[in-house]
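Engineer: The structure follows.
Read the figures in this text as sums done on the coordinates, not as results from a lab. Source: prediction; values computed, not measured. Using ideal geometry, Cβ is built from the backbone for each residue, glycine included, and neighbour counts are taken over all protein chains shown.
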Amino acid sequence: MVRAQLTAYAQHGLRMVEVDRQHLVALPGILAQLRQRPERFIIFCDDLAFSEGDDSYRALKVVLDGTLHASADNVLIYATSNRRHLMPEHMRDNLNTQHEQGELRPSENIEEKVSLSDRFGLWLSFYPQDQEAYLACAQHWLNQLGGTWSDGARHEALLFALNRSSRSGRSAWQFACDYSGRSALTSRTS
């Protein structure tokens with residue numbers, strides 16, 4: 001979806017800068033450079049997650065909250081992750097949780113760990129699809145790749161999802177790529 005934004009709006013001046021997790025400390029410098037440009041930018045952090053003891057998330061928190069410098073009006077930050085809590089949480093983090101007058105007060109360790117994801121203004125979640133929606137996606141992608149939807153393709157799409165325990169749009173795309181690739185190889189050897 002993030003890449004689709006670039007495709008849809010590049011002609012209107014949208015640009016994208018991908019920043020890996022290990023380079024998050026460079027964000028203030030990147031923002032300083034982008035702020036001066038006329039284009040609009042998405043800073044993209046793909047598959048964001050942090051390991052125990054990794055403090056690079058602090059640079060991202062500072063940029064999301066703002067610093068003494070004004071935020072850049074022409075820059076948005078998009079991050080993808082398979083986790084809501086971007087850092088590992090351990091049972092020991094809950095040991096300092098307090099219960100006061102009916103209120104549950106998590107320890108500061110936990111608050112620190114969830115505070116980064118709380119700074120993103122919009123979260124999009126992708127839930128598993130029902131079988132018919134998955135098959136519609138698989139058919140769409142297979143047709144886009146020049147393949148032909150048939151009862152055989154339908155059967156293989158269902159097996160593909162079953163083997164991966166997933167009926168997501170991503171699984172439908174992966175099925176279509178696999179199926180059309182195998183079909184092309186079969187037609188070449190025939």
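Engineer: Suppose R0 equals 22 Å. What FRET efficiency, 1/(1 + (r/R0)^6) with r the Cβ-Cβ distance, do Met16 and Ser71 give to the nearest 0.05?
Structural biologist: Numbers: r = 18 Å, r/R0 = 0.82.
Between Met16 and Ser71 the formula returns 0.75.
Engineer: If you don't mind, another one. In nm, to one decimal, how far is the Thr7 label point from the Arg37 one, both placed 7 Å along Cα→Cβ?
Structural biologist: 2.2
Engineer: Using a Förster distance of 25 Å, how high is the FRET efficiency between Arg188 and Arg164, based on the Cβ-Cβ distance and rounded to 0.05? Mind dumping the intermediate values first?
Structural biologist: Numbers: r = 27 Å, r/R0 = 1.07.
That pair, Arg188 with Arg164, gives E of 0.40.
Engineer: Taking R0 as 25 Å, what's the FRET efficiency between Ala26 and Asp46 from their Cβ-Cβ distance, rounded to 0.05?
Structural biologist: On the way: r = 16 Å, r/R0 = 0.64.
It comes to 0.95.
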